[in-house]
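K.L.:
Have a look at this one.
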Amino acid sequence: TLIVYNQFRKKLVTTSNQPNSYGAMSRTELEALEITLVQKYDEIAAAKLALDLTRGKPSSEQLNLSNEIDGILKGQYILQDGTDVRNYGGLLGIPEARALGASILETNADEILVGGNASLTLMHQYLAFMQPLWKQECPEGVKFICPVPGYDRHFTLCEHFNIEMIPVSFDGQDPDLDQIERLVQQDPSIKGIWCVPKYSNPTGKTYSDTAVKRFSMLPKISGDNFRIMWDNAYAVHHLSDAPDQLANLMALARHHDTNDSMVLFGSTSKVTFAGAGISFLGTSQEKLGEFEQHLSETMIGFDKVNQLRHVLFLKDMSGIARHMARHAALLKPRFALTEKILSKYLDGKRIGEWSRPNGGYFVSFDAIPGQAKEIITLAANVGVRLTPAGATFPYGIDPQDRNIRLAPTFPALDSLQQALEVFVVCVQLASVRHYLKS
């Protein structure tokens, strides 16, 4: 398999000198290029690859960075205030973990709840908590605004709770705030909006200071009990020595007296162990107390032993920064390789655009409209799995059928290179056939 694939690679490199714009090529040139690309594609198929770029999971090397967390307690389970973390109680979390979460989400420790390994669980629990109130206010149905392309898990939660989703596109760096403000002002059944404000999934965008300020004032023009679901999942996941800066939403919300409407989320799922981390929810003290009461009906507390392990391992924001620098050292080569291959074979050909993120876990690729499904199918047929077309849009429907989320973090570098070189051939082949049909 490796010999067959290396033969394909040599041809890929030596035949990459194609005209800059496929749209400017004659039919004869396009037909000749299609023959070359089909030959490459058939050689890939002969290699019988089995590669996966579907989800942004940490690599094993990244997980190894946190191995010291195992056994770090050394039998010490008692907090400074005398609390035994092995016992019941403490639904909001141990004070030390609440302080750590407050540092990550940039709010106050008394506004933080510490949960289990997945912030997604907290999001589900919070939506369940809000359902009776929202349904009472809007018996005909509740709606959420969803900036797109966005995070598919958010959309799945909305579908689960039968919340109608309204997609809103980005306007440069930020979601289209003009459209968002018009929508919430006109329709009181819109009860929330999903936001991934830093290194957004999948685009890698970070909201501007102006946008965060406008978000902090959004509840002033919305209907009652409007919630901004601020999923700051990638707050500390930098790929650069000059990381993006995100304005402090809660500080602005306190200034505008809208902090009851802010619900912040984060976790250590891509900081320590993806399957054994801790998560955080932040909101005003009053609303946190109401949510705590809701949770107390079904549970007594989360894993405080794991919370203490994380506090001892990460310590504070300085400790997190040092730890995340080690993550970045492993991730930078993967993102650099992705940029290198996409640029080498696709730059200037007007058959695709892609993000160049400063942090986070994804590269967002926009093909020629109408080609995402075709590209993904072509890749799947030769052993390279990509995130399904439409996954970054509500209901799995990308109106332009063009966005593809690439996740370069998990594969080893050699496997990533193979997958990306297959991907660019599929993009080229789908694009040539598009122009031959037009």
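K.L.:
List the relative contact order of the chain as a percent without decimals, with contacts defined as Cα pairs under 8 Å and 6+ residues apart.
P.N.:
On the way: 802 pairs, mean separation 111.6, N = 438.
Rounded, it is 25 percent for the chain.
K.L.:
Using bins 5 angstrom wide from zero, how does P(r) for region 123-208 break down, in % of all Cα pairs?
P.N.:
Result, from short to long distances: 3, 14, 26, 22, 19, 11, 4, 1 percent.
K.L.:
Right, something else. In whole Å, what is the distance between the alpha-carbon centres of region 107-145 and region 170-249?
P.N.:
17 Å
K.L.:
Just to be sure I understand: with springs between alpha-carbon atoms less than 10 Å apart, which residue in P167, P149, P357 has the highest mean-square fluctuation in the Gaussian network model of the chain?
P.N.:
Comparing P167, P149, P357 in a Gaussian network model of the chain, the most mobile one is P167.
K.L.:
Per residue, what accessible area does region 232-311 have, given a 1.4 Å probe and all protein chains present, in Å²?
P.N.:
Working: 3000 Å² over 80 residues.
Heavy-atom accessible area per residue stands at 37 Å².
K.L.:
Which value in deg cm²/dmol, rounded to the nearest 500, describes the helix-derived mean residue ellipticity at 222 nm for the chain, given -39,500 (n - 2.57) per DSSP H run of n ≥ 4 and division by the residue count? Numbers along the way, then the final one.
P.N.:
Values: 14 runs with 192 residues, N = 438.
Calculated at 222 nm, the ellipticity per residue is -14000 deg cm²/dmol.
K.L.:
Now for a different question. Over region 204-279, with every protein chain in place, what whole percent of the accessible area is carbon and sulfur at 1.4 Å, could you tell me? Walk me through the numbers before you get to the answer.
P.N.:
Details: 1170 of 2600 Å².
Heavy-atom surface of region 204-279 belonging to carbon and sulfur, 1.4 Å probe: 45 percent.
K.L.:
What part of the accessible area of region 369-431, given as a whole %, is carbon or sulfur when the probe is 1.4 angstrom?
P.N.:
Working: 1110 of 2030 Å².
With neighbouring chains kept in place, the figure for region 369-431 is 55 percent.
K.L.:
Compare A32, A325, A97 in a GNM of the chain, Cα atoms joined below 10 Å, and give the one with the largest fluctuation.
P.N.:
Top of the fluctuation ranking is A32.
K.L.:
Treating cross-link reach as a plain straight distance, find the lysines whose alpha-carbon is under 18 Å from the alpha-carbon of K437, omitting any fewer than eight places away in the same chain.
P.N.:
Candidates past the 8-residue exclusion: K349, K373.
K.L.:
Show which aspartates and glutamates lie in cross-link reach of K220 when reach means a straight Cα distance below 13 angstrom and same-chain residues fewer than eight apart are skipped.
P.N.:
E181, D257, D260
K.L.:
Keeping all protein chains in place and using 1.4 angstrom, which order do M217, M250, M25 fall into by accessible surface area, from largest down?
P.N.:
Working: M217 65, M250 0, M25 25 Å².
Highest to lowest solvent-accessible surface, that is M217, M25, M250.
K.L.:
Hey, if we sort M229, M317 by accessible area with the 1.4 Å probe, largest down, what's the order?
P.N.:
Values: M229 0, M317 75 Å².
So, going from the largest accessible area down, we get M317, M229.
K.L.:
Next up: Quick check on my link table: of K304/K340; K191/K315; K198/K340, which ones sit more than 32 Å apart, alpha carbon to alpha carbon? Each step should come with its number before you reach the end.
P.N.:
On the way: K304/K340 44 Å; K191/K315 37 Å; K198/K340 24 Å.
Beyond 32 Å between Cα atoms: K304/K340; K191/K315.
K.L.:
Among all the lysines, which ones have a C-alpha under 16 Å from K40's C-alpha, if same-chain residues fewer than 8 places away are not counted?
P.N.:
K10, K11, K48
The values are calculated or read from the model by the stated rules, or taken from the named source; none is laboratory data. Predicted, not measured: the structure shown is a model, and the values here were computed from it. Just the protein is used for accessible areas: all its heavy atoms, side chains included, with ligands, DNA and RNA removed. Shrake-Rupley method; radii C 1.70, N 1.55, O 1.52, S 1.80 Å.
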